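Enquirer: Take a look at this one; I'll ask things after.
Each reported figure results from applying straightforward, stated rules to the coordinates on display, with no laboratory input. Predicted model, so just to flag it, every value in this text is computed and none were measured. Cβ: placed from backbone, ideal geometry, glycine included. Neighbour counts: every protein chain shown.
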Amino acid sequence: MSSMNPSRRRFLAATATAASAASLTALGLPALPAAASPAGHDHDHGAEPDFGPNVFVYDPSSPVEEIQSTLDRLFAAQEHNEMGGDRYAVLFKPGRYEVNARLGYYTTVAGLGAHPDDVEIHGAVRVIGQPDPNSEAGISALTNFWRSVENLAVTPTDWSNQWAVSQASPMRRVHIKGILWLEPGNGGYSSGGYIADSKVDGITINGSQQQWLTRDSELGGDWTNGVWNQVFSGVVGAPAQGFPDPPYTTLPTSPVTREKPYLLVDAQGGWRVAVPRLRRDTAGTTWGAGAAPVPSLPLADFFIARPTDSAKRINQELSRGRHLLLTPGVYRLDRALRVKHPDTVVLGLGMPSLAPTTGDAVLRIEDVDGVRIAGVLVDAGPVESEVLVEVGKRHSHRSHATNPISLQDVFFRIGGPQVGRAATSLVVNSRHTIIDNIWAWRGDHGKPGTIGWTVNTAATGVVVNGDDVTAYGLFVEHYQRWQTIWNGERGRTVFYQSELPYDPPSQAAWRSPTGNGWASYKVAGDVREHEAWGLGVYSYFNQQVDIRCDRAIEAPRRAGVRFHDAITVFLDGDGGIERTINEAGTPVVGSYGTSPVVSYP
């Protein structure tokens, strides 16, 4: 497969507004029958839970025609519904299914087995490309965001299982029994992506994917190529270290991980939420031969929330020590949800959105052990929030080494479906926090009136104040100042991808205390120890003004602050990036170019 044409790039024509999806009723989609008391949405053990009308649960006795009809109609509704409010999940109980699932926006397909091979999909669970007039291929995956597949096996009945995605489209705990194909076809553009705790029996065709993180997985065949930044952490069968040619960054093990919680149905038919254990220095999947059973919690311990529930009601349940399962939809919150109890699980189903209405955060987590936040999209509101998600209080010093807080598949969006403003998207104060697949995005396209330098304002995507924080898969893009600020000691980042803002109106409007532009990745000057692997920072200034960024990465020059395999790229437009890390690297200005730095200092 050919690589992408690097002189053309993402979003050049992605200013069109998203199409509106038809309602379930108009599409003729059946609602899931209610099986639990709607008063409080609690779940009785042994009963079928009521997840609301946007969740579809199937078992092997379900007619295949019904399943396929639902999948097809959901795809028709969601294929182009990029900025819409509809959210869906399709769940399969253990068994074999012959279906072809195409995933559009805000759609999750997941198995409910204890093991991925408990749910066997013969056919496909796939994402295809979209028409793109700016691509020589006429097709791209550059805006294939916000969808996921989890906890099942796929035996492709075509020549491969296509998963042509960009950011915020994770594949977790999946067994591909054949070839995995990650591009839209013919070298069409793509800007992914993330795979974790998965196994691919055949080759993986990377194709045009500019960057990708694969973590704690197993590759049975070759990874065919790379474009700029391909990172493998704890992957059995990963290609050898080769950056920058080929652009592979390979870590033999992942230092500390804990996989995302997931729904399952046990052998007795009881609904539970698996809560995987903490692991250290790992490679390969959690579920391979000899793997121990995964601990789990009864779904009866969860408050099953609906988008109509108020923040006050949800906080009452959290204060009682309940866990929280958020069913699909948009939750408009007049105050932050507050997680105060250790080991609380907050799990989103079908990629629900949390949106503040009054300028508060949407989520504040106390500095307590073991909280797990997973599978949610956070949309900034029209009243500026100081922060959208806060982990711990400033100056938190408690150790969580044996039971850290974790954030997994948590995606932020400033503008797009609505005007949004937030000074900072994510602030991590608690020590030992695990960040695992975050896309913080100040929107560069969306509905009319929601995008602009003075409209969807956002200074910084991620701020890490806590010590000993580990991040896998940081995607942070288009913020107006430093994209990421790391103040804590002994921080580690495995894979970083960032585009600078497209839209500074002038150099004077985009100048930091240290020179022209704002570095994307900023390590504070007093930090003594920090390490990062596989970083890519790209520029595309599209206002027909010569805009310069003096450096993509800014950090103190000392032995304990180390970078491995960083690259800058000029995509298109005007101006560019002068240096990669501090004084290291060469300019990528005025025309396509890359500047790799293998090691720093």
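Enquirer: What is the extension gain from Glu531 to Tyr592, computed as 0.36 nm multiplied by their sequence separation minus the C-alpha to C-alpha distance, in nm to one decimal?
Expert: 19.1 nm
Enquirer: Once you charge only the Cβ atoms, +1 for Lys and Arg and -1 for Asp and Glu, what is the size of the charge dipole of the chain about its Cα centre, to the nearest 20 debye?
Expert: Dipole about the Cα centre, nearest 20: 1220 debye.
Enquirer: Please give the calculated 222 nm ellipticity per residue for the chain, where each DSSP H segment of at least 4 residues contributes -39500 (n - 2.57) and the sum is spread over every residue; nearest 500 deg cm²/dmol?
Expert: -1500 deg cm²/dmol
Enquirer: Separation between the Ala559 and Arg277 pseudo-spin-labels, each 7 Å from Cα along Cα→Cβ, expressed in nm?
Expert: 3.7
Enquirer: Of the listed values (1) 23.7; (2) 24.7; (3) 27.3, identify the label whose number matches Kirkwood radius over Cα pairs in Å calculated from this model.
Expert: Calculated Kirkwood radius over Cα pairs in Å: the matching label is (1).
Enquirer: Sticking with this one: Counting alpha carbon pairs within less than 8 Å and at least 6 residues apart, what relative contact order, in whole percent, applies to the stretch 557-601?
Expert: Relative contact order for the stretch 557-601 comes out at 46 percent.
Enquirer: Also, quick follow-up: Can you grab the distance from the C-alpha centre of the stretch 506-531 to the C-alpha centre of the stretch 149-177, Å, no decimals?
Expert: About 38 Å separates the Cα centre of the stretch 506-531 from the one of the stretch 149-177.
Enquirer: Let me ask something else. Evaluate E = 1/(1 + (r/R0)^6) for Ser61 and Ser512, where r is the Cβ-Cβ distance and R0 equals 56 Å; express this FRET efficiency to the nearest 0.05.
Expert: 0.35
Enquirer: Please go through the residue pairs Lys199/Lys260; Lys260/Lys340; Lys199/Lys447; Lys340/Lys522; Lys93/Lys260 and name each one whose alpha carbons sit more than 28 Å apart in this structure.
Expert: Check vs 28 Å cut-off fails for Lys199/Lys447; Lys340/Lys522.
Enquirer: Then there's this: Pop a pseudo-label 7 angstrom from the Cα along the beta-carbon direction at both Glu384 and Glu48 and give the gap in nm to one decimal.
Expert: In this crude spin-label approximation the distance works out to 5.0 nm.
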